[in-house]
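Trainee: Right, I'll just put the structure down here and ask away after.
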Amino acid sequence: MDMTATIAPKSDQLNADDLISGPVTVTIQEVVQGNAEQPVDVRLVEYPGRAYRPSKSMRRVMVMAWGPEAASYAGHRLTLYRNPEITFGREKVGGIEISHLSHIEKPLTVALTATRGKRKNFTVTPLPAPTTARDFLAEAHQAAGDINNIKAVYYAAQKAGAPQETLTAIYQLATPADENPPA
């Protein structure tokens, strides 16, 4: 049994504690305006109902890599990890940083503010295009009717970086027709 789901905080956002078990590669569904305290909600395909709310430094990295227009970020992928050295005030509380981005050709280094008056280089690495040797959709069809097996195929496809269309098709196989969202 994978214990990861049992330790996930209940929240409307992705938290550093969600990444205790390791980094995750996610796909951006859309970017919407947040509130005054958290101005950006990055909605993720893999975490429906929960947003990644990047820090100002991570927003700067995204803008440097992908440009200022957030509407173009849909479908882009990023790897998020927990950095236990992130501080709030004087206390180390841990936070989420980006290690890899899709849609960049080479590593990108951005000088970010580390502390007042001090800057530190932060580098993100290109995220390779997903390659899938397995035919996850065919596997899901073979598991038809067995929701647990379809879910297992979905999570394997997700972990392998399968295209969003494949993930959506597998998800729909596991969801009764009356629960499928309208197209």
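The values are calculated or read from the model by the stated rules, or taken from the named source; none is laboratory data. Predicted model, so just to flag it, every value in this text is computed and none were measured. With ideal geometry, Cβ positions are generated from the backbone for all residues, glycine too; neighbour counts draw on all protein chains shown.
Trainee: Tell me which of these Arg60 doesn't satisfy, since it passes every other one: (1) surrounded by 14 or more Cβ atoms within 10 Å (Cβ to Cβ); (2) of a type outside the set (S, T, N, Q); (3) under 15 Å from the mean Cα position of the chain (by Cα).
Mentor: It is condition (3) that Arg60 fails.
Trainee: While we're on this one: Just the residues that are touching a His at 6+ places or on another chain (Cβ under 9 Å), farther than 19 Å from Lys56 by Cα and surrounded by fewer than 18 Cβ atoms within 10 Å (Cβ to Cβ), please, taken from the stretch 76-124.
Mentor: His103
Trainee: Suppose the filter is over 11 Å from the mean Cα position of the chain (by Cα) and part of a loop (DSSP other than H, G, I, E, B); does Ser11 pass it?
Mentor: It is true that Ser11 is over 11 Å from the mean Cα position of the chain (by Cα) and part of a loop (DSSP other than H, G, I, E, B).
Trainee: Ok, one more. Determine if the stretch 124-131 includes at least one residue that is at pLDDT 85 or above and either of a type in the set (S, T, N, Q) or in contact with a helix residue (DSSP H, G or I) (Cβ under 8 Å, 6 or more places away or on another chain) (or both).
Mentor: Yes: one or more hits.
Trainee: Here are the criteria: (1) in a strand (DSSP E or B); (2) over 27 Å from Thr168 (Cα atoms); (3) among the charged types (D, E, K, R). Tell me which single one Asp41 does not satisfy.
Mentor: Condition (2) is where Asp41 drops out.
Trainee: To continue, here is another question. Looking at this structure, is Pro128 exposed (fewer than 11 other Cβ atoms within 10 Å of the Cβ) and touching a His at 6+ places or on another chain (Cβ under 9 Å)?
Mentor: yes
Trainee: Then there is this: Output the residues belonging to the stretch 122-146 that are more than 21 Å from Ile28 (Cβ to Cβ) and not hydrophobic (A, V, I, L, M, F, W, C).
Mentor: Arg134, Asp135, Glu139, His141, Gln142, Gly145, Asp146
Trainee: Do you know which residues across the stretch 150-162 are within 16 Å of His76 (Cα to Cα) and either of a type in the set (Val, Ile, Thr) or surrounded by 16 or more Cβ atoms within 10 Å (Cβ to Cβ) (or both)?
Mentor: Hits for the stretch 150-162 are Gln158, Gly161, Ala162.
Trainee: If I filter the stretch 105-121 for residues that are in contact with a helix residue (DSSP H, G or I) (Cβ under 7 Å, 6 or more places away or on another chain), closer than 18 Å to Val24 by Cβ, of a type outside the set (Gly, Ala, Ser) and not assigned by TED's automatic domain parsing to the domain that holds Tyr155, do I get at least one hit?
Mentor: No, the conditions are met nowhere in the stretch 105-121.
Trainee: Which one of the conditions (1) under 23 Å from Lys151 (Cα atoms); (2) surrounded by fewer than 18 Cβ atoms within 10 Å (Cβ to Cβ); (3) of a type outside the set (Val, Ile, Thr) does Gly34 fail to meet, given that it meets all the rest?
Mentor: (1)
Trainee: Then there's this: With the requirement that a residue be over 21 Å from Pro128 (Cα atoms), in a strand (DSSP E or B) and of a type in the set (Lys, Arg), what does the stretch 54-109 give you?
Mentor: The one that is over 21 Å from Pro128 (Cα atoms), in a strand (DSSP E or B) and of a type in the set (Lys, Arg): Lys92.
Trainee: Taking the stretch 21-50, which residues are out of contact with any Leu (no Cβ under 8 Å at 6 or more places or on another chain) and of a type in the set (D, E, K, R)? Full working, then the answer.
Mentor: From the stretch 21-50, those out of contact with any Leu (no Cβ under 8 Å at 6 or more places or on another chain) are 21-22, 30-43, 46, 48-49; that's our starting set.
Glu30, Glu37, Asp41, Arg43, Glu46, listed by residue number.
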